[in-house]
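Read the structure below first, then the notes.
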Amino acid sequence: MLESQCTWTHSPPPTMSRPLSFLLNNPSSPFPRTFPLRQLFINSTRSLTPAAAPIFRRPSLMAALSTVSVPHPDKDATAAVTPNSSQTQHPLQVAKRLEKFKTTIFTQMSMLAIKHGAINLGQGFPNFDGPDFVKEAAIQAIKDGKNQYARGFGVPDCNAAIAERFKKDTGLVVDPDKEITVTSGCTEAIAATMLGLINPGDEVIVFAPFYDSYEATLSMAGAQVKSITLRPPDFAVPLDEFKSAISKNTRAVLINTPHNPTGKMFTREELDTIASLCIENDVLVFSDEVYDKLAFEADHISMASLPGMYERTVTLNSLGKTFSLTGWKIGWAIAPPHLTWGVRQAHSYLTFATSTPMQSAAAVALRAPDSYYE
Amino acid sequence: MEKKLSRVANTFTPSPIQELSHLAQRCNAINLAEGFPDFPAAPAIKSAAVSAINSDFNQYRHVQGICELLARNAKEMYGLEVDPDTDIAICCGQTEAFAAAMFAIIDPGDEVVLFDPCYETYEGCIRLAGGIPVYVALEPPHWTLDAEKFMSSFTGRTKAVILNSPQNPTGKVFTWNELEIIAEACRSRDCLAVTDEVYEHITYDNVKHVTLSLLPGMQQRTIITSSVSKTFGVTGWRIGWAIANPIVASAIRNIHVKLTDSAPAPFQEAALTALSSGPDYFESLRRDYESKRDYSIQLLTGIGFQIRFKPQGSFFLFAELPESSPLSDVGASLALTDPKTKVAFLTLIIPCLLVLMVQVEYVKHLIEQAGVVAVPGRGFFHFNSVSSESEESLSACHDYQKRYIRFAFCKSSATLEAAAQGLSELVDTKGCLNLPPPCKTDT
C-alpha cells in the first residue's frame, strides 16, 4: 500500500510498519542510500493512553518525574547534542523562565526506548490509527484546496461541530463564534488560557501529580503555583487542604478530569466542593477534559455544567485522544465570551491559526454517531 | 469580568487584517488584503499530505528529515552551515517559531528593536513575553535604514532586533550594507537578532535574499524563523521552524513542546516533499510572482496610486493614496452620515485619531464601490517610532503614515483581472480614481 501511494523514493520494510510505528525509518529521506535507517523520534506527549488497558490507570514512573526538572540531554548518551565550539564565546542569553524548561522526560525515555529496542508504553499516543471516515475528510479537504489560513479562532463548521458535541455531552448551549477557540491541540489551549488569563504573581492551584506542560505554561505566565497532592490509593482530593489553600487571592484552579497520570475521575462531591469554593472566592476554573471520552466506570462530569460554573470556567479538550489522531493538533477551549477574549488574544500570537484541512475533518469526526464512542 | 483577563490580553485588539477579510467576504469583494494565495498549491505537495494521512502518519511526531533538508538548503542556497541535529526546532508555522523564540530569549523589561512599518504580530509576541518594543522608522519613500537613528534606539536593556526581510508590508529586501549596520549593532551591544524570512524565496529583479546569519559574528546570535506557508502556498498547514545555535534552538524546542507539543504530523511529512523541490520550482515561483507584481503596479499606477518604491520581495505592494483622495474631514463626514457605515467603521479597526479615518474610509470605499479590499497602511505603523526630534518632522511622520494602503498580489490572474475591472469602473474621464459618496446599500 505504501509503495503505491507514496511519492517517496524509499519505503519502509513491511514488518516495521505496525505496531511499533515510531521505529520506522523515514522513507522520505532524499538520501536513502547515503544515510542509515533513520528513526523518527517522537516528541513529548501526554504520558497516558487510557484506551489501551486499565493498567495505565496506575501511577507510573512518569507521574513522579513529570513534576520535577529533568537532566539536560547533554548528560544523556542517546541525545544527539553536539557542543558548538562557538558557545564558549558568547554569554548564555536565554530567558530566566527557561530554568524550568528542559528536554522532557518523555523525549528522553522515547530515545532510550528506541536505543534499546524497547516497547514504548511511556508516551500517550496509540499505536493504532484514527478511523477512516475522519482521515477521508481531511484528505478531501486538502484536495478541495482548503489549505490556506483558517479564521483565527476556528473554521466556522469546526466551531459549530464542537458546540454541538458539547451540548450533547453537557447539555450546555454555547455560541460557536463567541465561546469556542480552536487551537493546535489541547496543549496550545492550555498555553493560551494561561497566557491570556493569568498575570505574573497570580495564584493558581493545581492538583499533583500533573501533566508537565501545566507547570511550564504557568511559569511562562509568571503564576504563583500552589500544588495540592491527590491522596493515594484512590487519589482523592484532600478537600480540607483545598479549603484552606483557596482564598480571594486565588486567580484560578486547574483541574484535569479524567486525570493524567492517575486515571482518577473527579467525583461529583469533589467537583461540587471545588465549585462552591470557587464561586465564594470568585476564582476561575481551567478544566482539562481531554480524556472525557475515555471514561470506563464512572460518568465524566464537566465542571462547566455545574450550577454557577459556566461563567467562570474554561473547558479544554481535543480531537487527538478520542480519535487516535494525536498528530493532527486540533484542540479547543470553550468559555464565556469575556474569558474567550483573553484566550483568543494569546492564541493569535502563539500560532495565529490552526491547521485548516484538519479542522474540516474534525467537524466530521465530532458529528460521529454515539456508537463510535462506545 | 474584564479584570479576569491578564494585563497583556487587555491591551490587545482584533487584527484589522482579519476583520477586513471578513468584511470582504460579506460584501463578496475581491480580497487583496490577506496574504495568502487563492490558487491551489502544487499537486505533488498535496499528494504527499494525502499519502501521509493514508499511511497512518497521524500521531505525535517530529520529522527529523525536515531538519536534514533545511540544513541542506541552507548550505546550498545561502552557504550557511547548520547542524540538523541541534540547530533546528520545527514549529506550528513561523508564528509559533517566533513566539517560542520570544519566550526563549525575552525577560520582562527587555527591549526589542523593530523597524517601522512592520507586520502587526511581532509586537503582540514581544509583549506576551513581557518585552518592550522599540520602533525605528524606515525612511519613506524607499524605506531606507538610517544608521544613526537605528543605533540611537539601543539602550542598556536592548536584548534583540527583529528583522523581516523580504519585508511585509513594503516589499523591501535589506541590502548587504544595511545588514552590516544591523550586525555591527548586535555585535557591539552583544544583542540577539530574530529574523522572519518567510518570503525568502520571493524576490524580484535578481535581488537576492541574504540571511543575516551569514554576516561575521552573527550566526551564533541570530534566530532565523521561516516556514513552508508562503513558498509553497500552504498557509493553512502550520509548518515552520527556527534555526539558531544549539542552546537557543534547544530552548525554543522545549518551549514549543510546552506550547503545542508538535506541528501537524501529516504536514510535516508533506513538508519533506516540498523542501526537496529543485531550483526549477523556486525559479518559476519567482517568475510567476514577478509578473503578478508588474501587473499590479501597472494597474494601480494607472488609476492614480503612487508606487515610488517597487517591491523587491514578498507579495505585497505598499501603495500611496492618489493625490486626489479626499482629506480626513470630508471622508469622515460622508461616512458618518450612513449609520451602518459608522458602525462598521467603529468596529473595524483600532480606535484612533482622525489620522486613521482617511485610510479606513478609503479602504471601505474600495470595498463598497469597487468591490476590492486592501489593508490600510496605518496598522503597520506605530506611534512611538524613534525618529527625528523636530515637531515639523514628527507631524510629517504622521502624515505619511496615513497615506499608504497594502495590496496583496498573491492571487490568480483571474482575481487580479477582476480587481482591475472593479477599479477601472471608478476611474473618471481624467483617468483618476473617483470615489462617489457611499450609497445606502444593503449588508
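Normalised by the residues of the stretch B:142-281, what does the relative contact order come to in percent, with Cα pairs under 8 Å and at least six apart? Walk me through the numbers on the way to the answer.
Working: 169 pairs, mean separation 24.3, N = 140.
Computed over the stretch B:142-281, the figure is 17 percent.
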Output the peptides B:252-261, B:163-172 sorted from most to least packed, where packing is the average of other Cβ atoms within 10 Å over each peptide's residues. B:252-261, B:163-172
If I model the stretch B:121-215 as equal point scatterers sitting on the Cα atoms and use the Debye formula, what is log10 I(q)/I(0) at q = 0.10 Å⁻¹? -0.26
What is the stretch B:67-137's relative contact order, in percent, from Cα pairs under 8 angstrom and six or more apart in sequence? 26 percent
FRET efficiency for B:Glu139 and B:Val427, using Cβ-Cβ distance with R0 set to 30 Å, rounded to 0.05: 0.45
Near the amide H of B:Ala193, under 5 Å away, which other amide H atoms are found, from residues 5 or more places off or on another chain, if H is placed in the peptide plane? B:Val161, B:Thr222, B:Ile223
Sort B:Arg189, B:Arg308, A:Arg151 by Cβ crowding within 10 Å, fewest neighbours at the top. B:Arg308, B:Arg189, A:Arg151
Run the numbers for B:Asp280 and B:Asp107: contour at 0.36 nm per residue of separation, minus the present Cα-Cα distance, in nm. 57.9 nm
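Evaluate the charge dipole of the stretch A:161-225 about its Cα centre and quote only its size in Debye, nearest 20, assuming +1 on the Cβ of each Lys and Arg and -1 on the Cβ of each Asp and Glu. List each step's numbers first, then the result.
Values: 4 positive and 10 negative charges, 39 e Å.
So the magnitude is around 180 debye.
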Which distance in nm do the two modelled labels at B:Arg189 and A:Ser371 give, with both placed 7 Å along the Cα-to-Cβ direction? 6.6 nm
With both bridge residues required to lie in the stretch B:78-235, what share of the DSSP beta bridges run antiparallel, to the nearest 5%? 5 percent
In terms of the alpha carbon gyration tensor, root eigenvalues a ≥ b ≥ c, rounded if a/c is under 1.5 and otherwise prolate when a/b exceeds b/c or oblate, the stretch B:17-169 is oblate
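Does the stretch B:196-299 come out rounded, prolate or oblate by the C-alpha gyration tensor, with a ≥ b ≥ c the root eigenvalues, rounded set by a/c under 1.5 and, if not, prolate when a/b is larger than b/c and oblate if not? Write down the numbers at each step before the final one.
Details: a/c = 2.37, a/b = 1.45, b/c = 1.64.
Verdict is oblate for the stretch B:196-299.
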Enter the Cα centre distance for the pair the stretch B:64-119 and the stretch A:228-252, rounded to the nearest angstrom. 41 Å
Given Cβ point charges of +1 (Lys, Arg) and -1 (Asp, Glu) and nothing else, what value in debye, to the nearest 20, does the dipole of the stretch A:179-332 about its Cα centre take? 240 debye
A correct Karplus calculation of ³J(HN,Hα) over the stretch B:190-199, with 6.51 cos²θ - 1.76 cosθ + 1.60, θ = phi - 60°, whole Hz and x for Gly and Pro, returns 6, 10, 9, 10, 10, 10, 10, 10, 4, 9
Just want the ordering: B:Thr144, B:Thr225, A:Thr273, from fewest to most Cβ atoms lying within 10 Å of their own Cβ. B:Thr144, A:Thr273, B:Thr225
In whole Hz and in residue order, list the ³J(HN,Hα) couplings for the stretch B:263-274 that follow from phi through the Karplus curve 6.51 cos²θ - 1.76 cosθ + 1.60, θ = phi - 60°; x for Gly and Pro. 7, x, 4, x, 6, 5, 4, 5, 4, 4, 5, 4
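If you take the Cα Rg of the stretch A:250-365 and divide it by 2.2 N^0.38 Å, with N the number of residues, what do you get?
Details: Rg = 15.0 Å, N = 116, 2.2 N^0.38 = 13.4 Å.
Ratio of Rg to 2.2 N^0.38 Å for the stretch A:250-365: 1.12.
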Using alpha-carbon pairs under 8 Å, 6+ residues apart, how would you state the relative contact order of the stretch A:223-374 in percent? 16 percent
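Fewest to most neighbouring Cβ within 10 Å: what's the order for A:Met220, B:Met151? Don't jump to the answer; show the numbers that get you there.
Details: A:Met220 25, B:Met151 14.
With the fewest neighbours first, A:Met220, B:Met151 line up as B:Met151, A:Met220.
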Rounded to the nearest Å, what's the spacing between the alpha carbon centres of the stretch B:225-255 and the stretch A:144-174? Just the number, please. 27 Å
Can you pull the one-decimal nm distance between simple spin-label points at A:Asn281 and A:Phe133, each 7 Å off the Cα toward Cβ? 4.5 nm
Collect residues whose amide H, placed 1.01 Å from N in the peptide plane, falls under 5 Å from the amide H of B:Ser55; neighbours closer than 5 in sequence don't count. none
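What does the charge count around A:Asp175 come to, taking other residues whose C-beta lies under 13 Å from its C-beta (Lys +1, Arg +1, Asp -1, Glu -1)? Numbers along the way, then the final one.
Numbers: positive: A:Lys167, A:Lys178; negative: A:Glu164, A:Asp177, A:Glu179.
Neighbourhood net charge equals -1.
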Could you tell me the extents of the stretch A:182-229's C-alpha atoms along the three principal axes, largest first, rounded to whole Å? 30, 23, 12
For the stretch A:328-335, what does the Karplus curve 6.51 cos²θ - 1.76 cosθ + 1.60, with θ = phi - 60°, yield as ³J(HN,Hα) per residue in whole Hz, taken in order and with x for Gly and Pro? 7, 6, 10, x, 7, 10, 10, 7
Gain on full stretching of the segment that runs from B:Ala414 to B:Glu148 - 0.36 nm per residue minus C-alpha separation: 91.2 nm
Identify, among B:Ile106, B:Pro140, B:Leu179, the residue whose Cα sits farthest towards the positive end of the charge dipole of the stretch B:104-184, taking +1 on the Cβ of Lys and Arg and -1 on the Cβ of Asp and Glu, with the dipole about the Cα centre. B:Ile106
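Restricting to the stretch B:168-252, compute how many DSSP beta bridges are antiparallel as a %, nearest 5. Provide the component values of the computation, followed by the final result.
Working: 4 of 8 bridges.
Of those bridges, close to 50 percent are antiparallel.
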Measuring from label point to label point, each 7 Å out along Cα→Cβ, what is the A:Asn199 to B:Asp85 span in nm? 4.8 nm
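All of the numbers you see were taken from the coordinates with simple rules; none came from a lab. The structure presented is a predicted model; accordingly, all values stated were derived computationally and were not measured. Note: ideal-geometry Cβ built from the backbone for every residue, glycine included; neighbour counts use all protein chains shown.
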